[in-house]
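Enquirer: So that we are looking at the same thing, I have put the structure below in structure tokens.
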Amino acid sequence: MTAIETRDLSIRFGHFAAVSGVSLAIAAGSRHALIGPNGAGKTTLVHALTGGVAASSGMILISGDDVTRLGESARVRRGLSRTYQINQLFRGLSVLDNVVLAVLERKQLTRVFWRRAAHDNATIEEAREHLAFVNLIAHADRPVHELPYGLQRLLEIAVALAARPRILVLDEPAAGVPAAQSEAIFERIHALPRDLTLLFVEHDMNLVFRFADRITVLVEGRIITEGTPAEISGNERVREVYLGR
Ligand code: ADP
């Protein structure tokens, strides 16, 4: 079963094609990394998958259904959730409330229930479970702006999980985080349920080779190769183009 797929997808900004003719099929339950040098089109491709950037041509399918013309929230309802490279948390709210809001959003109760959320035990219980998964329970009552950056990135994962996704897209989940903490972030990503399909963009090749089971290499908007970590690490073209050797 294919969780998410693109067929001959192109994304143009004026005359410039950031993504050109990309056909990508991500198997359900796989941990798929998207790599490539800066400017390769990784973020643009991820935005197109999640509905933040319109496809210029080609198709995007979730579980076999054409979602090319659907917006971001319609794709979330179809099981696709994402974290953002740039922090999009509510910095003035507590850690717990950020997750509570995300749970309420999934339940489509945000407007009605936000004021009453403090009394909604089921929502709070669920939010605490997501926080426990990313080891943030001890920080539940702190305002987000007090949290070290690495822990904010973990919180983003908890917020994304509150949508109960079947497919989770992570755009550089450890970007800007010290090496020791990126390990902790990837260890949590690794611990996610095996039936959750993961697509992640990551620069650190050690993390990619350890945590991905398939890798797609994008250069100048096109896929140059795809394979297992062993295949990619032994690929001459990847070494030349991407690793610069
Ligand atoms: P990556 O994530 O691999 O570094 P990006 O997807 O961010 O690459 O960018 C791919 C190319 O598309 C870059 O040359 C970038 O300048 C260009 N690009 C991205 N977004 C836009 C935009 N909104 N308008 C014009 N050009 C863009």
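The values are calculated or read from the model by the stated rules, or taken from the named source; none is laboratory data. Every value quoted in this text rests on a predicted model; they were computed, and no experiment measured them. Here the Cβ positions follow ideal geometry from the backbone for every residue, glycine too, while neighbour counts run over all protein chains shown.
Enquirer: Consider Arg214 carefully, then state whether it is of a type in the set (D, E, K, R), within 16 Å of the ligand (Cβ to nearest atom) and at pLDDT 95 or above.
Expert: In short, no.
Enquirer: Can you say whether Ile232 is buried (at least 17 other Cβ atoms within 10 Å of the Cβ) and farther than 22 Å from Met1 by Cα, as far as the supplied structure shows?
Expert: Answer is yes for this residue.
Enquirer: So which residues in the range 112-159 are modelled with pLDDT under 90 and not in a helix (DSSP H, G or I)?
Expert: Passing the criteria: only Asp120.
Residue-by-condition table, conditions (1) assigned to a strand (DSSP E or B); (2) within 14 Å of the ligand (Cβ to nearest atom); (3) without any contact (Cβ under 8 Å) to a residue 12 or more places away in the chain:
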residue: Pro193; (1), (2), (3): no, no, yes
residue: Leu199; (1), (2), (3): yes, yes, no
residue: Leu207; (1), (2), (3): no, no, no
residue: Ile223; (1), (2), (3): yes, yes, no
residue: Ile232; (1), (2), (3): no, no, no
residue: Glu240; (1), (2), (3): no, no, yes
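Enquirer: Could you look through the range 126-140, keep only residues that are more than 19 Å from Pro193 (Cα to Cα) and free of Cβ contacts under 8 Å to residues at least 12 places away in the same chain, and pick out the one that is farthest from the chain's Cα centre (by Cα)?
Expert: Ala138
Enquirer: Something else: Name the strands (runs of 3 or more DSSP E) wholly inside the range 1-58 in which the number of residues that are more than 21 Å from Gly79 (Cα to Cα) and either of a type in the set (Ser, Thr, Tyr) or within 8 Å of the ligand (Cβ to nearest atom) (or both) is 2 or more.
Expert: Answer list for the range 1-58: 2-13, 16-27.
Enquirer: Filter the range 47-86 for residues that are touching a residue at least 60 places away in the same chain (Cβ under 8 Å) and surrounded by fewer than 15 Cβ atoms within 10 Å (Cβ to Cβ) and give the result.
Expert: Residue satisfying the conditions is Gly64 alone.
Enquirer: Within the range 74-81, does at least one residue satisfy the condition of being within 15 Å of the ligand (Cβ to nearest atom), assigned by TED's automatic domain parsing to the domain that holds Ile185 and out of contact with any helix residue (DSSP H, G or I) (no Cβ under 9 Å at 6 or more places or on another chain)?
Expert: no
Enquirer: Next question, about the same structure. Scan the range 36-49 for residues that are modelled with pLDDT of 95 or more and in contact with a Ser or Thr (Cβ under 9 Å, 6 or more places away or on another chain) and report the count.
Expert: 4
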